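Just below is one structure, and these are the notes that go with it.
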Amino acid sequence: MNDFSEDDAFEAAVPLSQRARAGGVAARFGGNAAYLDGLNPAQRAAVEALDGPVLMLAGAGTGKTRALTARIAHLLHTGTARPNEILAVTFTNKAAREMKNRVGRLMGETVEGMPWLGTFHAICVKQLRRHAELVGLKSNFTILDTDDQLRLLKQLIVAGGIDEKRWPPRMLAGIIDGWKNKAYGPDKVPLAEAAAFDHKGVELYAAYQARLKDLNACDFGDLLLHMVTIFQTHEDILRQYQRWFRYILVDEYQDTNVAQYLWLRLLASAHKNICCVGDDDQSIYGWRGAEVGNILRFETDFPGATVVKLEQNYRSTPHILAAASGVIASNKGRLGKTLFTDAEDGEKVRLIGHWDGEEEARWIGEEIEALQRGTRGQDPVGLDNQAILVRASHQMRAFEDRFLTIGLPYRVIGGPRFYERLEIRDAMAYFRLAVSQEDDLAFERIVNTPKRGLGDKAVQTIQRAARTNGVSLVEGARIVVQGKLLGGKGLRELGVLVDGLDRWHAQVRQESDTHQELAEMILDESGYTGMWQNDKTPEAPGRLENLKELVKALDNFENLQGFLEHVALIMDNETEQDGEKVSIMTLHAAKGLEFPAVFLPGWEDGLFPSQRSMDESGLKGLEEERRLAYVGITRAEEICTISFAANRRVYGQWQSALPSRFIDELPEDHVEVLTPPGLYGGGYGAAGMSTNASPKLREESMSDLHQKAHDANVYNSPGWRRLQARGQTRGVSQPAEARNMTIDMTAVSAFTTGDRVFHTKFGYGEIKGIEGDKLSITFDKAGDKHVVAKFVVAADAASDVPF
DNA sequence: CGTACGCCGGTTTTT
DNA sequence: CCGGCGTACG
């Protein structure tokens with residue numbers, strides 16, 4: 001199918017008569033190009049160099065998105081390109097949305113939507129739907145999520161009689177993804193790599209691809225891989241796209257993998273009007289296939305490229321920039337940028353060591369409250385403007401525990417994504433089946449959810465019936481029901497399920513109800529809602545809440561099909577904005593964000609830089625970790641606080657660690673060393689203690705803690721001694737009691753000892769005591785906790801979640 | 001077929 | 001220390 005004339009994406013958004021270079025356009029958009037106002041010379045150069053290859057090296061906070069959107073505006077404004085002739089690619093939906101909004105704003109709504117502004121995946125889906133048959137798919141192919149993918153791989157492993165221990169589905173998925181990222185089809189995997197996995201991996205890869213074809217499905221990696229394959233084997237199609245996409249823009253180029261790189265290079269090879277924006281210093285996704293090499297090699301790939309460096313930073317203070325630059329300077333083979341700023345000096349980066357992880361969390365909690373109140377003698381910093389950035393998500397727990405206890409509102413960014421949650425996937429599987437009864441994976445998922453007495457044996461019977469008749473599982477189930485191939489209860493239940501599926505399917509086609517009503521009906525009639533209503537685990541109310549949320553989300557779509565189509569690609573986590581909260585997230589999740597105050601805890605060797613990263617990838621791994629440090633520091637606008645703990649409980653065992661080597665790389669002149677609480681006057685290196693000393697004496701006095709800290713080997717480490725040698729110490733942390741704490745007694749007065757209560761994180765429990773505004777609660781699952789009263793509700797109120 | 005217990009393993013994450 | 005998963009029973 002090479003004829004695109006019907007695709008609205010290629011329809012001229014602007015009548016041809018109005019299309020003109022430079023001249024006639026002014027009439028359309030007004031004479032002046034307001035989008036150029038306020039750009040610095042480098043940005044302006046990047047915006048105005050429209051033709052030929054351009055590499056925009058944009059350091060952190062240098063107005064990259066601004067330049068990129070201005071460039072699009074410029075292409076449109078000068079009439080160089082129409083909106084549908086511009087291909088603009090991002091990695092995330094969020095970035096795509098942002099760019100769309102900003103272009104719209106710059107152009108004053110005059111421009112119709114840009115059809116080819118989107119993520120790599122969204123754009124590839126659009127293309128692949130048109131050419132699916134060239135890779136053996138139908139244009140209505142489904143896109144599998146990770147969960148489907150894993151279940152499929154597991155089936156293949158089991159079917160192949162392969163030991164699941166030696167070939168865990170997760171590992172196989174990782175290997176296959178890796179190959180797809182490099183644009184290797186099953187037949188293109190280099191012999192050496194194939195041999196590295198006993199050739200079994202390739203065998204399974206081929207089987208997996210064959211199975212996907214059978215299911216008329218593909219996974220995320222396929223979207224790119226298939227398009228690259230099509231472009232490489234069908235020159236006419238490639239030519240067409242090359243003509244259509246007259247200008248190409250790529251965001252976060254340092255994160256592209258080989259498949260994405262090939263796709264871009266193929267599309268750009270004719271006219272070479274490609275503008276890539278990126279920062280080699282912020283390449284932090286090497287472990288999932290990103291190739292920094294792509295950006296380092298740009299000038300070789302596109303000889304004569306215009307290279308523009310954006311080095312003026314509009315985000316951070318000079319001290320923060322200097323600290324970040326100091327750390328990243330240790331990396332080799334950088335393209336090299338020197339960030340500068342006009343901003344006032346501000347505060348130095350603050351560095352503090354703690355006895356253990358809990359102490360660190362406590363200190364940061366108090367510090368956040370102090371900043372919020374402006375107690376430190378400066379403008380108050382709202383909670384929305386503060387963030388804690390950690391290396392690994394398990395570090396979040398210490399903060400969550402602490403913040404729950406003191407009642408500090410927080411939000412975890414990038415947790416389990418909405419559409420990845422169990423209940424959402426189950427519900428979606430029902431919707432998928434209502435739309436198409438061919439969806440075998442969806443059927444397998446829900447056939448026994450809720451429990452219908454249809455276990456492995458029953459499923460096997462259904463599968464056999466389906467296979468021998470060459471039909472879908474739903475049809476197979478119908479055959480089983482009609483032929484009474486199962487026993488009493490299971491048979492009856494299966495009959496009910498099949499009837500339900502038929503009914504829902506019919507209703508989808510008739511469109512007799514609104515799709516929201518239909519969705520709600522499906523979830524009710526299938527017994528899925530009831531399943532969670534009867535569930536007494538602490539998660540159940542939340543899951544029901546999520547289901548309600550899901551039905552609400554349907555509002556934005558025409559019908560169920562439309563919804564399913566979009567959800568496959570939009571795994572976004574729309575974070576609800578309810579009140580001021582501190583953000584807690586990983587360093588990876590923080591890329592692209594900025595906060596006035598940033599806390600960077602856990603700077604200990606082994607944790608950050610991560611031991612595993614260094615073990616697996618050696619110097620390359622260490623350098624990526626260092627870039628992560630760079631990304632972390634450069635998120636801060638005003639106040640950046642780095643901390644580490646001498647001891648940490650990891651897998652239930654106490655372990656001590658040395659301060660991160662990155663701390664040694666911080667330039668002294670831009671760092672202020674704070675004194676940990678209990679160490680007024682500073683600690684002095686004493687003889688090291690045994691490394692497994694238990695610091696589990698939490699409620700000890702400060703002087704006791706001091707004594708302990710005194711002896712800890714961390715204070716005798718090279719990193720720590722360096723801090724001492726700098727001799728800059730200043731007490732910061734005030735005891736919490738010294739600050740005027742407002743205690744909300746209204747919440748606490750609602751409870752008495754013995755009440756059953758519900759807490760969103762800890763679940764159900766019973767109040768054992770009341771101390772000030774805190775409740776001491778024994779939770780059914782989570783054990784004894786002290787929690788601020790406003791974070792719990794009476795247990796009977798919690799079960800009252802209507803659906 | 002569903003539940004209870006014991007064992008293993010345990011970064012980073014988007015689409 | 002915690003959760004997911006697989007095996008062993010009811």
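The values are calculated or read from the model by the stated rules, or taken from the named source; none is laboratory data. No experiment lies behind these values; they were computed from the predicted model shown. As a convention, Cβ positions derive from the backbone with ideal geometry for all residues, glycine included, and neighbour counts pool all protein chains shown.
Highlighted here are the strands (runs of 3 or more DSSP E) found entirely within the stretch A:553-670 that include at least 1 residues which are in contact with a Lys or Arg (Cβ under 6 Å, 6 or more places away or on another chain) and more than 16 Å from DNA strand C (Cβ to nearest atom): A:582-586, A:595-600, A:636-650.
Out of A:LEU600, A:LEU564, one residue alone is more than 11 Å from DNA strand B (Cβ to nearest atom) and touching a Cys at 6+ places or on another chain (Cβ under 9 Å). It is A:LEU600.
Name the residues in the stretch A:645-660 that are within 16 Å of DNA strand B (Cβ to nearest atom), surrounded by fewer than 20 Cβ atoms within 10 Å (Cβ to Cβ) and of a type outside the set (Gly, Ala, Ser), would you?
A:ARG649, A:VAL650, A:TYR651, A:GLN653, A:TRP654, A:GLN655 - these are the residues of the stretch A:645-660 that are within 16 Å of DNA strand B (Cβ to nearest atom), surrounded by fewer than 20 Cβ atoms within 10 Å (Cβ to Cβ) and of a type outside the set (Gly, Ala, Ser).
Any chance the stretch A:685-705 includes a residue that's of a type in the set (Lys, Arg), closer than 24 Å to A:THR317 by Cβ and either assigned to a loop (DSSP other than H, G, I, E, B) or modelled with pLDDT under 50 (or both)?
Within the stretch A:685-705, not a single residue is of a type in the set (Lys, Arg), closer than 24 Å to A:THR317 by Cβ and either assigned to a loop (DSSP other than H, G, I, E, B) or modelled with pLDDT under 50 (or both).
Out of the residues in the stretch A:402-416 that are within 16 Å of DNA strand B (Cβ to nearest atom) and among the aliphatic types (A, V, I, L, M), state the one that is surrounded by the fewest Cβ atoms within 10 Å (Cβ to Cβ). Break it down into steps so the answer makes sense when it comes.
Within the stretch A:402-416, the subset within 16 Å of DNA strand B (Cβ to nearest atom) is A:410-416.
Filter again for among the aliphatic types (A, V, I, L, M), leaving A:412-413.
Numbers: A:VAL412: 18, A:ILE413: 16.
Out of the qualifying residues, it is A:ILE413.
Being over 19 Å from A:TYR528 (Cα atoms), surrounded by 18 or more Cβ atoms within 10 Å (Cβ to Cβ) and of a type outside the set (Phe, Trp, Tyr) holds for only one residue in A:VAL498, A:VAL481, and it is A:VAL481.
In the stretch A:240-258, the residue that is farthest from the chain's Cα centre (by Cα) out of those that are surrounded by fewer than 21 Cβ atoms within 10 Å (Cβ to Cβ) and within 16 Å of A:CYS124 (Cα to Cα) is A:GLN240. In the set (1) surrounded by fewer than 17 Cβ atoms within 10 Å (Cβ to Cβ); (2) assigned by TED's automatic domain parsing to the domain that holds A:ALA67; (3) of a type outside the set (A, V, I, L, M); (4) closer than 24 Å to A:GLY286 by Cβ, A:ASP236 fails one condition alone, (4).
Taking the criterion of being out of contact with any Ser or Thr (no Cβ under 9 Å at 6 or more places or on another chain) and in contact (Cβ under 8 Å) with a residue 24 or more places away in the chain, the residues of the stretch A:41-55 that qualify are A:VAL47, A:GLU48.
Among the numbered conditions (1) closer than 28 Å to A:GLU545 by Cβ; (2) free of Cβ contacts under 8 Å to residues at least 24 places away in the same chain, tell me where A:ILE479 comes up short. Checking A:ILE479 against (1) closer than 28 Å to A:GLU545 by Cβ; (2) free of Cβ contacts under 8 Å to residues at least 24 places away in the same chain, the one that fails is (1). Please tell me if A:GLY488 is over 32 Å from the mean Cα position of the chain (by Cα), surrounded by fewer than 16 Cβ atoms within 10 Å (Cβ to Cβ), without any contact (Cβ under 8 Å) to a residue 24 or more places away in the chain and under 30 Å from A:GLY221 (Cα atoms). Judged against the criteria, A:GLY488 is not a match. Within the option set A:ASP187, A:ASP198, A:ASP163, being outside the structural domain of A:ALA290 (by TED's automatic domain parsing), acidic (Asp, Glu) and within 16 Å of DNA strand B (Cβ to nearest atom) holds for one residue only, A:ASP163.
Selection of the stretch A:432-455 for residues being within 13 Å of DNA strand B (Cβ to nearest atom) and either more than 14 Å from A:ASP147 (Cβ to Cβ) or not hydroxyl-bearing (Ser, Thr, Tyr) (or both) yields A:ILE446, A:VAL447, A:ASN448, A:PRO450, A:LYS451, A:ARG452, A:GLY453, A:LEU454, A:GLY455. Considered as a group, the residues in the stretch A:369-393 that are away from DNA strand B (no atom under 16 Å from the Cβ) and under 25 Å from the mean Cα position of the chain (by Cα) include one that is farthest from A:LEU587 (Cα to Cα), and that residue is A:GLY382. For beta carbons closer than 6 Å, sequence separation of 6+ or different chains, a first residue in the stretch A:128-146 that is hydroxyl-bearing (Ser, Thr, Tyr) and a second that is in a helix (DSSP H, G or I), the qualifying pairs are A:SER139/A:ARG129; A:SER139/A:ALA132.
Taking the stretch A:345-374 as the region of interest, how many residues are without any contact (Cβ under 8 Å) to a residue 40 or more places away in the chain and not polar (S, T, N, Q)?
Qualifying residue count for the region: 2.
Of all residue pairs spaced 6 or more apart or on separate chains, those with beta-carbon atoms under 6 Å, a first member in the stretch A:169-187 that is within 11 Å of A:TYR205 (Cα to Cα) and in contact (Cβ under 8 Å) with a residue 40 or more places away in the chain and a second member that is among the hydroxyl-bearing types (Ser, Thr, Tyr) and assigned to a helix (DSSP H, G or I) are A:ILE176/A:TYR205. The set of residues from the stretch A:164-183 being within 16 Å of DNA strand C (Cβ to nearest atom) and either crowded, with 17+ Cβ neighbours inside 10 Å or acidic (Asp, Glu) (or both) comprises A:GLU164, A:TRP167, A:PRO169, A:LEU172, A:ALA173. The single condition among (1) out of contact with any Asp or Glu (no Cβ under 8 Å at 6 or more places or on another chain); (2) under 23 Å from A:GLY592 (Cα atoms) that A:MET99 does not satisfy is (1). For the stretch A:56-160, the helices (runs of 4 or more DSSP H) that sit wholly inside it and include 2 or more residues that are within 16 Å of DNA strand C (Cβ to nearest atom) and of a type outside the set (A, V, I, L, M, F, W, C) are A:146-159. Meeting the requirement of 3 or more residues that are assigned by TED's automatic domain parsing to the domain that holds A:ALA429, away from DNA strand C (no atom under 16 Å from the Cβ) and over 24 Å from A:LEU560 (Cα atoms), the helices (runs of 4 or more DSSP H) wholly within the stretch A:448-525 are A:456-469, A:473-482, A:488-510.
Selection of the stretch A:123-160 for residues being hydroxyl-bearing (Ser, Thr, Tyr) and within 12 Å of DNA strand B (Cβ to nearest atom) yields only A:THR146. Going through (1) closer than 20 Å to A:ARG635 by Cβ; (2) modelled with pLDDT of 90 or more one by one, A:ARG411 falls short only on (2).
Could you say whether any residue in the stretch A:246-254 is in the same structural domain as A:ARG66 (by TED's automatic domain parsing), touching a Ser or Thr at 6+ places or on another chain (Cβ under 6 Å) and touching a residue at least 24 places away in the same chain (Cβ under 8 Å)? So far as the stretch A:246-254 goes, yes, one or more of its residues are in the same structural domain as A:ARG66 (by TED's automatic domain parsing), touching a Ser or Thr at 6+ places or on another chain (Cβ under 6 Å) and touching a residue at least 24 places away in the same chain (Cβ under 8 Å).
Scanning the stretch A:113-152 for residues that are more than 24 Å from A:ASP214 (Cα to Cα) and either among the basic types (Lys, Arg) or surrounded by fewer than 16 Cβ atoms within 10 Å (Cβ to Cβ) (or both) turns up just one, A:GLY113.
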